[in-house]
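Right, one structure below, let's go through it.
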Amino acid sequence: LFLLLYPTQGAGVAALAALPVALAAWLWGWRAGLIAGLLNLPLTTLLLNLMGYQPGGWDVALRGGGVGFIALLFIGAAIGRISDFAKKLRQELAERKQAEMKFRHVLDASPNGVIMVDAGGRIALANAQAERLFGYTGEEFSGMLIEQLVPERFRAQHARHQDVIRQQSLARPMTGRE
């Protein structure tokens, strides 16, 4: 694009020379971006000279104190690092989802009802046996106060037990069901 617009627009389209650098960096990482940045200026100069245009390329980069050349290197490396980070993040997210699915399968395979409660006493997770036992779906359980599952006559005692459990960070089986 830069080479097509240069004859009519002049050096003002020099920023378009960064597009291949950015593309290489995004697709293949920071090393490719750095290499593309290093190769961009000499290749652009060569192609412009072959097309018969003398100004530009090395002349423009060196007259500007090398700022354009350094900018291309920085763009290549920065976009490449962002791309590498995004790829790593996607991979970690996929691994986390896979681990969550395995955990959920193990939890649902339990013959006992299992309910996990957050620090505020709200249900964060319930397995399939707990759903069958209490007659709620996972969505209905989510966010429900655990006290809603405790019979009225045991709620005050249960609240005191919950305070002790939260202070000691202990897992505790639910007992006294009707």
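Give, to the nearest whole percent, the P(r) tail of the range 69-133 beyond 14 angstrom, counting all Cα pairs.
It works out to 72 percent of all Cα pairs.
Run the simple label-point estimate for Leu89 and Met101 please: 7 Å along Cα→C-beta, distance reported in nm.
2.2
At 0.36 nm per residue, and after removing the present C-alpha to C-alpha distance, how many nm does the segment from Glu152 to Ile82 gain when stretched out fully?
19.7 nm
Every number here is computed from the coordinates shown, using simple stated rules; none is lab data. Remember, it's a predicted structure, so these values are computed and weren't measured experimentally. All Cβ positions, glycine included, derive from the backbone under ideal geometry; neighbour counts span all protein chains shown.
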